[in-house]
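A short worksheet on the structure shown next.
Each value in this text was obtained by applying a stated rule to the coordinates, not by laboratory testing. Computed from a predicted model, the values in this text were never measured in an experiment. Don't worry about glycine lacking a Cβ; one is built from the backbone with ideal geometry, like all the others, and counts go over all protein chains shown.
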Amino acid sequence: MDVIDKIYQEDRSPKPAGHPRILALANQKGGVGKTTTAINLGTALAAIGERVLIVDLDPQGNASTGLGIDRRSRSTSTYDVLVGEAPLRESVVPTAVPRLHIATSTMDLSGLELELGTTPGRAFRLRDAIAALNHNATPDTDYTYVLIDCPPSLNLLTVNAMAASDAILVPLQCEFFALEGLSQLLQTVEQVKTTLNPNLSIHGIVLTMFDSRNNLSNQVVADVRQFMGSKVYNTMIPRNVRISEAPSYGKPVLVYDLKCVGSEAYLKLATEVIQRERELRAH
Ligand code: ADP
Ligand code: MG
């Protein structure tokens, strides 16, 4: 990590005034690259000097595992936070990456929907937990970015993420059914916008597992760009075996192999995300 640290030390971007930018990685399809993007965009942002918190909101806990956090270090999880039994700070553990922390998850989360039933305010549990974290920020928890890794469904957990977020980042896999389901996702975002969170927007769509030698991949890129226009980031994440190997070592790909094309792509994406943030703030 030292190398990345040194390279990007000078490029440290200033903390945006006020509170962290909160972005949810959402797509109700599984296996499209939400968790991979949460881990590696988070690492890349931290490498550029941002202070990043990943919130693992998937009962599978892949983001926690992929960052090398073993189950014993998850005594307090996002489940405890959402049922109101612990402040968010208590579920947060540091990772091996400087400036990157994670609020860990456990399987308990899968019972949350039933457990909360029709409790009033159940969609705002995460929003309020993050707000409380901001109020009591220490230099260690003074995050500039919060990335929420959503589960693969449009359930109460994802709605909590959308209600808590400034914007949604949608990973879309370059495969035949990529666009299927996107309109449902966009519809849910609109619904949350009108009912729970008027400030919610789509930050961008990131095309993942792109294979330039595959005609289908190229066709999907063309279709998605035509359908979603400038919402699609210029950076595409290539299909790269190093990206898929890294989690089994409990490491982000940027730490596992900084020089591979996957790492390069996530660094480029981080730069683009920050650039988009600057443009948004300028307006
Ligand atoms: P999701 O969180 O949306 O379910 P994941 O991020 O867990 O998706 O990705 C699904 C699988 O695809 C994982 O095994 C992951 O390692 C692999 N994967 C994700 N992105 C890439 C990529 N760019 N190249 C190769 N494998 C990838
Ligand atoms: Mg996942």
Quiz item: Counting chymotrypsin sites (Phe, Trp or Tyr not before Pro) as exposed when in a DSSP loop with at most 13 other beta carbons within 10 Å, what is the longest stretch of the chain free of them?
Solution: 1-175
Exercise. Would you grab the residues whose amide H sits under 5 Å from the one on residue 172? Only those 5+ places off in sequence or on another chain, please, with H modelled 1.01 Å from N.
Key: 206, 207, 208
Self-check item: Within straight-line cross-link reach of residue 29, aspartates and glutamates at Cα separation under 17 Å, skipping those fewer than 8 residues along the same chain
Solution: 56, 58, 149, 175, 180
Quiz item: Once the principal axes of the Cα atoms of the chain are found, what is the range along each, listed largest first in whole angstroms?
Solution: 50, 42, 40
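Quick one: longest stretch of the chain between exposed loop GluC sites (Glu not before Pro), exposed meaning at most 12 other C-beta atoms within 10 Å and loop per DSSP? Don't skip to the end; give the middle numbers.
Details: sites that count: 10, 85, 180.
With GluC sites (Glu not before Pro) excluded where exposed in loops, the chain gives 181-283 as its longest stretch.
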Quiz item: What is the set of long-range amide H partners of residue 148 at a cut-off below 5 Å, with H atoms built 1.01 Å from backbone N?
Solution: 23, 24, 25, 55
Exercise. Apply the Karplus parameterisation 6.51 cos²θ - 1.76 cosθ + 1.60, with θ equal to phi minus 60°, to every residue of the stretch 268-281 and state each ³J(HN,Hα) to the nearest whole Hz, in sequence, with x for glycine and proline.
Key: 5, 4, 4, 4, 5, 4, 5, 4, 5, 4, 4, 5, 4, 5
Quiz item: What residues qualify as long-range amide H neighbours of residue 202, i.e. H under 5 Å apart, gap of 5 or more or another chain, H built at 1.01 Å from N?
Solution: 168
